[in-house]
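The values are calculated or read from the model by the stated rules, or taken from the named source; none is laboratory data. These numbers come from a predicted model, not from an experiment. Heads up, the Cβs are rebuilt from the backbone with ideal geometry, glycines too, and the neighbour counts pull from every protein chain shown. Just so you know, the surface numbers come from the protein's heavy atoms only, side chains and all, with ligands and any DNA or RNA stripped out. Shrake-Rupley method; radii C 1.70, N 1.55, O 1.52, S 1.80 Å.
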Amino acid sequence: MSLARTRIAVRLIAVAALAAVTAGCFQPMYAERTDGKPGLREKLMGVEIPPVEKNNASREARIQVEIRNALAFKLYGNATGMPPTHRLVLRFNTSRSSLMLDPATALPSSENVGIDAQYNLIDLATNKSVMTGTTFSRVSYDVPGQLQRFARARAFRDAEDRAANEIAENIQTRLASYFYAGT
């Protein structure tokens with residue numbers, strides 16, 4: 001019994017020693033820096049998000065505004081952006097597909113909204129691309145019968161908004177990773 005307790009004690013001491021050695025290595029991503037360099041929040045606030053070229057008053061123009069607003073809120077929070085150091089060029093395509101059909105009416109009872117986005121981060125000092133990537137979102141929604149056309153339209157719009165928010169979240173996470181790790 002004493003040998004087993006000794007082994008447990010040695011393991012606990014080893015874990016405590018390892019924790020003490022690595023304790024100074026941890027730094028929260030969004031913490032303010034004390035070394036005078038800009039923190040992640042300040043770097044994200046320097047990203048300019050120009051509008052995506054879509055036809056005015058189109059469904060895709062509304063989605064573009066939704067993505068841009070969600071991304072701006074995720075990058076800047078309640079503040080406004082700082083003088084830009086980078087520009088984020090965004091392109092996207094949307095899709096809509098029926099998932100399930102009602103066997104009695106042959107009308108869709110569940111549909112899917114999709115957004116496929118490509119983004120390019122450009123350093124304004126050198127005017128060169130420093131990061132590119134793609135992301136996508138697929139959101140399903142239920143279609144309430146044919147008599148409820150306004151509910152169907154609202155469900156479709158809510159699905160587009162959820163997909164746009166997911167696209168913004170994916171891009172913000174990738175930008176944070178780039179600015180924090182440099183890759």
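Here are some notes:
- For the range 24-53, the candidate set comprises residues that are part of a loop (DSSP other than H, G, I, E, B) and open to solvent by 90 Å² or more (accessible area, probe 1.4 Å); within that set, the residue that is modelled with the highest pLDDT is E53.
- Extreme residue, farthest from the chain's Cα centre (by Cα), among residues of the range 140-179 that are among the hydroxyl-bearing types (S, T, Y) and closer than 30 Å to M45 by Cβ: Y178
- Every pair of residues 6+ apart whose Cβ atoms lie under 7 Å, when the first sits in the range 161-180 and is at negative phi while the second is of a type in the set (D, E) and open to solvent by 40 Å² or more (accessible area, probe 1.4 Å): D161/E66; A164/E66
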